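The values are calculated or read from the model by the stated rules, or taken from the named source; none is laboratory data. Predicted model, so just to flag it, every value in this text is computed and none were measured. Neighbour counts are summed over all protein chains in view; Cβ atoms, including those assigned to glycine, are modelled from backbone coordinates with ideal geometry.
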Amino acid sequence: MINLLRAAAIAAQLGTSVPTEVAPVSVMPRTAPAAAPRTKAIAPGWANGDGWVTGNAFMNCSAPPNGSGWMNGTAHLSGNIRVHGPEETSGYITVSGFVFLQGSCQNGQGFVSGNTTLNGWGTLYARDGKPAGTARVSGRVFVSQYAFGSFLFINQGVSVSGSFSAK
């Protein structure tokens, strides 16, 4: 009622009148659009991918100065691998593992090698960007390189494969 009196006072100053009847207003409820359902379920199957893992190790050489001996160390390897599953599903999965490296050395440096299994799991996504399911992958990696001194940096290619289970 107060708003109607204010409107009438303002209208009188402007030389117009205020309508006495109010037009009915209809309010339509607003609903959020529903997400489009997937046309079909994605079947479980295989998943695989290729990528790179990196890591580093501190190597310990048991050789006396100007002598020969054994070198060893442990490195944690990890990397994000793009994995592909059935029906064009894909995603990045972090794989990781530890590798024990050993070999002969002389004057604090030498050739070392070792192998390990890397494991990881993560979500794969359908082409529409929706989560499609989970992939569990693993792969063997063989490291073989020369260690210059006590610090060793590793950058190694790896192939992984495993299973995909649909959501």
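The table below lists the values:
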item	result
Answer from Gly91, Gly45, Gly67 - the residue that is surrounded by fewer than 16 Cβ atoms within 10 Å (Cβ to Cβ), closer than 30 Å to Gly162 by Cβ and modelled with pLDDT of 75 or more	Gly45
Members of region 75-106 found to be more than 25 Å from Ala57 (Cα to Cα) and polar (S, T, N, Q), listed by number	Thr89, Ser90
Single condition Phe142 does not satisfy, out of (1) modelled with pLDDT of 95 or more; (2) farther than 30 Å from Thr89 by Cβ; (3) not hydroxyl-bearing (Ser, Thr, Tyr)	(2)
Filtered residues of region 120-137 (kept if β-branched (Val, Ile, Thr) and more than 10 Å from Ala166 (Cβ to Cβ))	Thr123, Val137
Any hit, region 100-111, residues being within 26 Å of Gly162 (Cβ to Cβ) and either touching a Gly at 6+ places or on another chain (Cβ under 6 Å) or assigned to a strand (DSSP E or B) (or both)	yes
Filter pass, Ile10 being assigned to a loop (DSSP other than H, G, I, E, B), β-branched (Val, Ile, Thr), surrounded by 10 or more Cβ atoms within 10 Å (Cβ to Cβ) and modelled with pLDDT of 60 or more	no
Positions within region 101-143 being within 14 Å of Ile42 (Cβ to Cβ) and touching a Ser or Thr at 6+ places or on another chain (Cβ under 9 Å), in sequence order	Thr123, Leu124, Tyr125, Ala126, Arg127, Pro131, Ala132, Gly133, Thr134, Ala135
Residue match in region 39-55 (condition: of a type in the set (Lys, Arg), in contact with a Gly (Cβ under 6 Å, 6 or more places away or on another chain) and under 28 Å from Lys130 (Cβ atoms))	no
Residues of region 103-129 classified as buried (at least 16 other Cβ atoms within 10 Å of the Cβ) and within 30 Å of Pro65 (Cβ to Cβ), total	7
Candidates Thr134, Thr117, filtered to the one that is polar (S, T, N, Q) and either assigned to a helix (DSSP H, G or I) or touching a Lys or Arg at 6+ places or on another chain (Cβ under 7 Å) (or both)	Thr117
Region 137-151, residues that are assigned to a strand (DSSP E or B), under 24 Å from Met59 (Cα atoms) and touching a residue at least 60 places away in the same chain (Cβ under 8 Å)	Val141, Val143, Ala147, Phe151
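Let's see how each residue does on (1) touching a Lys or Arg at 6+ places or on another chain (Cβ under 8 Å); (2) assigned to a strand (DSSP E or B); (3) not aliphatic (A, V, I, L, M):
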{"site": "Ala57", "(1), (2), (3)": "no, yes, no"}
{"site": "Asn66", "(1), (2), (3)": "no, no, yes"}
{"site": "Met71", "(1), (2), (3)": "no, yes, no"}
{"site": "Thr74", "(1), (2), (3)": "no, yes, yes"}
{"site": "Leu77", "(1), (2), (3)": "no, yes, no"}
{"site": "Asn80", "(1), (2), (3)": "no, yes, yes"}
{"site": "Glu87", "(1), (2), (3)": "no, no, yes"}
{"site": "Tyr92", "(1), (2), (3)": "yes, yes, yes"}
